[in-house]
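Single-structure report; data block below.
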Amino acid sequence: MADDLSRRLAQQILRGVKELHEEHNPNTTLSPGTPVAPHAAAEHIGVSPIGRWYAAALEYLEEEGALQPNPRTANAVRQARYVLGERGPELLEDM
């Protein structure tokens with residue numbers, strides 16, 4: 001179970017994922033299965049993607065179904081390691 005700080009950070013990271021997607025793919029809808037880079041989103045909002053708070057936020061996003069590991073790039077370097085999960089759009093609307 002995530003604490004309040006982890007949940008708030010997770011929400012910020014998810015918003016950052018959306019912002020980056022809209023900047024780089026303005027004509028493409030962010031939908032489940034879309035490759036995303038939460039580490040880049042964290043950096044975009046000024047949060048280090050290294051450390052326990054980031055890890056806790058990422059774990060929360062996975063548990064909530066907002067992010068899912070990308071099965072195509074599980075061991076790839078410089079590839080999106082996550083895709084937007086089924087609940088990602090719903091959680092973005094709730095923010």
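The values are calculated or read from the model by the stated rules, or taken from the named source; none is laboratory data. On a predicted model such as this, the values are computed, not experimentally measured, just so you know. Here the Cβ is made from the backbone with ideal geometry for all residues, glycine too, and neighbour counts use every protein chain on show.
Residues Ala57, Ala42: which one is buried (at least 17 other Cβ atoms within 10 Å of the Cβ), at pLDDT 90 or above, in contact with a Leu (Cβ under 6 Å, 6 or more places away or on another chain) and under 19 Å from Glu19 (Cα atoms)?
Ala57
Count, please, the residues in the stretch 60-86 that happen to be modelled with pLDDT of 90 or more, in a loop (DSSP other than H, G, I, E, B) and surrounded by 17 or more Cβ atoms within 10 Å (Cβ to Cβ).
3
Return a yes/no flag: does the stretch 5-18 have any residue that is assigned to a loop (DSSP other than H, G, I, E, B), modelled with pLDDT of 90 or more and surrounded by 15 or more Cβ atoms within 10 Å (Cβ to Cβ).
No: zero hits.
Test Leu20 against the criterion of being touching a Phe, Trp or Tyr at 6+ places or on another chain (Cβ under 8 Å) and either charged (D, E, K, R) or farther than 13 Å from Leu91 by Cβ (or both), and give yes or no.
no
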